[in-house]
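Peer 1: The structure's right below; bear with me while I get my questions together.
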Amino acid sequence: MPTVPEIITENVIKQLEQGVAPWRKPWSTSVPRNLISKRPYRGLNVFMLATQGYGSPFWLTFNQAKQLGAHVRQGEKSTLVSFWKFNEYARENGKTGELENKTSVLLRYYRVFNVEQCNGLKALYGDDRKPVNPIAECESIFAAMPNPPRIEQHSQAFYRPSADMVGMPSRNCFESPEAYYSTLFHELTHSTGHKSRLNRFEEKATDHQFGSESYSKEELVAEMGAAMLAGIAGSSHATLSNSASYLQTWITRLKSDSRLIISAASHAQKAADHILGKTQDEGRDSQ
């Protein structure tokens, strides 16, 4: 029986094999959220739900629809949502005989349907989409980042951990404002790995070498973090093209490590939360 990471990775690989990197696919709705609790989904769930092509951001389980007097239409397929389950328990210390508090962590999942897959829900939810200025929203996110890195104009876009500095070409060098902010969000996500922020970088790899395993993992975190921030801001732009060689590289990596996508999505969510100025408790309030 496949494990939860294997199920999730299989779904992502299917999208990659169809020529789409799910963390780059833009979405036009608000961040996906549960219809009942109104809480937004987090981490990889954002991409698993937002890339399904539905116009509504609201999702719910089969039983939740039933409880509202609605029903999922016959033949509709569900989408997987994963979550971490924490259990507290006591265990006796074999040496001291005293009880010690322990915590077990298990990855679990359940399945949800978009409200557009259901009958009898139209009167119960409203479309909370509203026109926004994506440039203003992007600028607001950038300006509000706590403890930001130094920004310097440069001929290339990069983040240098040793100097805690982001290099960015002039905005006029980009083909569109969306492209500029997408690139900036990518580099800002990198910067959250600095020891003064989330301390994500390995001690011996503060400047990741191109092509190395640590570089590849960090690039995936930055890609997904930038996509999260762009989605929140209402802006959508792919920082890189979905070339066949690029997609094949990720297919190979994900097939060899089923937990890579889950780990990267978790780090990307923490990075996005940090840039948005959310506290740890605020992050836990969402799924």
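Peer 1: All but one of (1) surrounded by 16 or more Cβ atoms within 10 Å (Cβ to Cβ); (2) touching a helix residue (DSSP H, G or I) at 6+ places or on another chain (Cβ under 7 Å) hold for Glu76; state the number of the condition that does not hold.
Peer 2: Single failed check for Glu76: (1).
Peer 1: Applying the selection to region 136-170, what residues are in a strand (DSSP E or B) and among the small types (Gly, Ala, Ser)?
Peer 2: Step one: filter region 136-170 for residues in a strand (DSSP E or B), giving 150-153, 158-160, 165-168.
Passing the criteria: only Gly167.
Peer 1: Under 8 Å between Cβ atoms, at least 6 apart or on separate chains: pull out the pairs that start in region 82-108 with a residue that is more than 17 Å from Pro5 (Cβ to Cβ) and end on any residue that is outside any strand (DSSP E or B) and of a type outside the set (Val, Ile, Thr).
Peer 2: Short answer, once both residue conditions are applied: Glu92/Glu98; Leu99/Asn93; Glu100/Asn93.
Peer 1: Then there is this: Checking the structure you have, find out if any residue of region 6-25 is buried (at least 22 other Cβ atoms within 10 Å of the Cβ), in contact (Cβ under 8 Å) with a residue 60 or more places away in the chain and of a type in the set (Gly, Ala, Ser).
Peer 2: Among the residues of region 6-25, at least one is buried (at least 22 other Cβ atoms within 10 Å of the Cβ), in contact (Cβ under 8 Å) with a residue 60 or more places away in the chain and of a type in the set (Gly, Ala, Ser), which makes the answer yes.
Peer 1: Right, something else. Can you spot a residue in region 266-273 that is polar (S, T, N, Q) and at pLDDT below 85?
Peer 2: Applying the first criterion (polar (S, T, N, Q)) to region 266-273 yields 266, 269.
Remaining after also requiring at pLDDT below 85: none.
No: zero hits.
Peer 1: Same structure again: From the set of residues in region 100-135 that are surrounded by 11 or more Cβ atoms within 10 Å (Cβ to Cβ) and farther than 30 Å from Ser78 by Cβ, which is modelled with the highest pLDDT?
Peer 2: So, considering only residues that are surrounded by 11 or more Cβ atoms within 10 Å (Cβ to Cβ) and farther than 30 Å from Ser78 by Cβ, the one modelled with the highest pLDDT is Ile135.
Peer 1: Which pairs turn up if I take residues in region 58-70 that are without any contact (Cβ under 8 Å) to a residue 24 or more places away in the chain and look for partners that are in a helix (DSSP H, G or I) with beta carbon separation below 9 Å, at least 6 apart in sequence or on another chain?
Peer 2: Filtered contacts from region 58-70: no entries.
Peer 1: If only one of Leu184, Leu188, Leu254, Leu229 is modelled with pLDDT of 85 or more, assigned to a helix (DSSP H, G or I) and under 13 Å from the mean Cα position of the chain (by Cα), which one is it? Step through it out loud before you land on a result.
Peer 2: Values: Leu184 fails: under 13 Å from the mean Cα position of the chain (by Cα); Leu188 fails: under 13 Å from the mean Cα position of the chain (by Cα); Leu254 fails: under 13 Å from the mean Cα position of the chain (by Cα).
Unique residue meeting the criteria: Leu229.
Peer 1: Name the pairs whose Cβ atoms lie under 7 Å apart, with the first residue in region 152-170 and buried (at least 16 other Cβ atoms within 10 Å of the Cβ), the second at pLDDT 90 or above and among the aliphatic types (A, V, I, L, M), and 6 or more positions between them or separate chains?
Peer 2: As it stands, the answer is Tyr159/Val166; Val166/Ile151; Val166/Leu188; Met168/Ile151; Met168/Leu184, since those pairs meet every condition given.
Peer 1: State which residue pairs qualify: first residue farther than 22 Å from Pro146 by Cβ and inside region 246-274, second residue among the hydroxyl-bearing types (Ser, Thr, Tyr) and assigned to a helix (DSSP H, G or I) in any location, beta carbons under 6 Å apart, and separation of 6 or more residues or different chains.
Peer 2: Leu254/Thr9; Ser258/Thr9; Ile261/Thr9
The values are calculated or read from the model by the stated rules, or taken from the named source; none is laboratory data. As the structure is a prediction and not an experimental result, all values here were calculated from the model. When we count neighbours, we look across all protein chains shown, and the Cβ atoms used for this are built from the backbone with ideal geometry, even at glycine.
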